[in-house]
Amino acid sequence: MDEPEHTDRYWTPEEVRDWEPKAVDEADRLYDVAHARAGDKGDVSNIVLVPFEDEAFEDLVEVVTVERVRDHFDGLVEGEIERYPVPGTNCINLVLRGALDGGVASSLRLDRYGKSLSRHLLAMPLEAADGDGD
Amino acid sequence: MISIGSGSRYRPDAGRAVLREGVDYLFMDFMSESTLPRAYLKKRRGRPGFDEKWLTRSLEAFLPPAERHGTTIVTNAGAADPRAAGERALEIAREADVSLDVTVVTGDDCTDLVRARAEEFGVDPGAMLSANAYIGAEEIVGALERPPGRDGDGVHLVVGGRIADHSLIVAPIVHEFGWDLDQWDELGWATAVAQLLECDYQATGGYFMEPGRKPVPDPHRLGLPIADVHESGRAVIRKPEGSGGRIDRATLREQLFYEIHDPSAKLTPDVTADLTGVRFEAVGEDEVAVTGGTGRERPSDLKVLVGTAGGFRVEARKPYAGPNAEGRARMAGEIVRDRLELVHEVEDVEELRTNVVGVDAVFGSASTLSVPFDGEVELRVAARTTTEETAELVFDEVSSLAPVGPAAGIGNPYSMNDSIERIVDVDAVYLPREAVVDAIEHTSLRAGATPEGR
């Protein structure tokens, strides 16, 4: 039990070598170029957006504006949205207030902690619906 | 250099592997925002005011390897009753024949202070279950001193209640390096290290892995993180030799901002930490050096979480599959709504929500999903009610849909016990630091000896 066998059933070095993110200008949505993690405090969710490639950071700062995020989260977020680009680590931290249906304690959502809000962000198209993405 | 490892209560085999690396300190974070009010509710009903199951499982696994290396264990697992948790730990140590000293930290309970200002805080004193201040390194650093004559011998357990997550890690660093509590840059950097460690597996591939694009080796036996902390302001985050998981810039960048709002002002009882200067450098396979966090003066007030008892939450499911599954699920939801309003005429349903799992149960009106006409879905009914009776009625109305509702309804997969929950609201208020820390006490417990106060 203490020293189980190593297995490559979950991944192989080849798989890792063969997968690579798309370049921002060839990608359709954030999922193609970044990963993300959501955290919760009260009725506030924060989502950090992490580009797979550091070169994508500046482009993402252009694309992932507070306005775009507000539109994309329409119906899920009631309050203000703040955005903190962090150049040193090339991440963008988004703070979504009123994002958890009143908070974990009393929320009626299936995802009370808002874990999946990070995935909703990744589903955001890189270009705005009106084609005015940049 | 000191080493600090994670002792997550989940998968105790991984915490044992951390201890076999001979770490100086093991932290065990048992808290989430709703942990304390629920623990006080349990205590009030005559049950243990701490998580006895997981404290027992953890310490049974951790005490023997901790004894071999003279490790100090720091934890907030005491929840609503740190003293009882400490006494339980002594029992476990006796059964395991491990030499254990316990230092209990009490005084985070601010119920009286909050009650005195209830009106000002907008707290209903009658419904208040708990009020606990986040206490920091200053309040526990003295407790880390080994009892006289026991230097490096056996296990020392420091157990408290609402010790701030980060402070479980910052306090040993302050203690070992003899820092002053106003060395803000040092405390800010130590808090950045703590931020990376405090959610255990979330630094090593947990809450991260995804088939194909975010590979994590051997996810069935993820290792827990260890920080080798150097006084110079450099820490190396690693995991036990041979364990599964992954530590690199990708896993650590996600965790650096977990539950962070303004990255230049992460508030803890110890410091206003600035995480924007943190830098990662790979120094080996699954080994990353962390440098660069800074800090400013700590907040003058301490954050206090106040738990109050609310009504009830109920959730019930009814799966449908095959042609027109979604249509039948939506119809079933409407029937439940009409039954409650028109037949039972209940008045204490504060909110009722009907969704279809697979379509809009997670993303609500922001969802653009659809399921195939011949899909598999679940009706999900969730409600907040004032009384438990109405919560039970909602559950029964959903469960009984099979014979009286849309065609081919499948049984509700959950029992009523799993489906109804007391709502505990948690709000933050702020108290002056001095008012809280005056009440902090350290108490030593040792098997067979009379407890002595600080």
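Candidates A:ARG37, A:ARG29: the one that is in contact (Cβ under 8 Å) with a residue 40 or more places away in the chain and farther than 22 Å from A:TYR113 by Cβ is A:ARG29. If you check A:VAL95, A:VAL48 for being at the interface with chain B (Cβ under 9 Å from one of its Cβ atoms), aliphatic (A, V, I, L, M) and touching a Cys at 6+ places or on another chain (Cβ under 6 Å), only one passes: A:VAL48. Filtering A:GLY114, A:GLY103 for residues that are under 17 Å from the mean Cα position of the chain (by Cα), within 11 Å of chain B (Cβ to nearest Cβ) and in a loop (DSSP other than H, G, I, E, B) leaves a single hit, A:GLY114.
Among the residues of the stretch B:64-101, the ones that are part of a loop (DSSP other than H, G, I, E, B) and closer than 23 Å to B:ARG44 by Cβ come to 6 in all. Identification of strands (runs of 3 or more DSSP E) wholly contained in the stretch B:244-328 with 2 or more residues that are of a type in the set (Ser, Thr, Tyr), surrounded by fewer than 20 Cβ atoms within 10 Å (Cβ to Cβ) and modelled with pLDDT of 95 or more yields no element.
Within the stretch B:102-145, the set of residues being under 23 Å from B:SER167 (Cα atoms) and part of a strand (DSSP E or B) comprises B:VAL102, B:THR103, B:VAL104, B:VAL105, B:THR106, B:ASP109, B:SER130, B:ALA131, B:ASN132, B:ALA133, B:ILE135. Restricting attention to the stretch B:191-227, the residues that are among the small types (Gly, Ala, Ser), within 14 Å of chain A (Cβ to nearest Cβ) and within 27 Å of B:PRO269 (Cβ to Cβ) add up to 3. With respect to the conditions (1) over 28 Å from B:SER419 (Cα atoms); (2) in contact with a helix residue (DSSP H, G or I) (Cβ under 9 Å, 6 or more places away or on another chain), A:VAL66 falls short on a single one, namely (2).
Listed by first and then second residue, the pairs linking a residue in the stretch B:336-364 that is among the hydroxyl-bearing types (Ser, Thr, Tyr) to a residue that is modelled with pLDDT under 95, with Cβ atoms under 9 Å apart and 6 or more places separating them unless they lie on different chains, form an empty list.
All conditions but one from (1) more than 7 Å from chain B (Cβ to nearest Cβ); (2) under 20 Å from B:SER264 (Cβ atoms) apply to A:GLU53; the one that does not is (2). Screening A:TYR10, A:TYR31 for residues that are modelled with pLDDT of 95 or more, within 12 Å of chain B (Cβ to nearest Cβ) and surrounded by fewer than 21 Cβ atoms within 10 Å (Cβ to Cβ) leaves exactly one candidate, A:TYR31. Any residue at all in the stretch B:392-400 that is farther than 30 Å from B:PRO269 by Cβ and within 27 Å of the chain's Cα centre (by Cα)? For the stretch B:392-400, residues farther than 30 Å from B:PRO269 by Cβ and within 27 Å of the chain's Cα centre (by Cα): absent.
The values are calculated or read from the model by the stated rules, or taken from the named source; none is laboratory data. Here the structure is a predicted model, which is why all the values come from computation and not from measurement. Methodologically, a virtual Cβ is constructed for each residue, glycine included, from the backbone with ideal geometry; neighbour enumeration extends over all protein chains shown.
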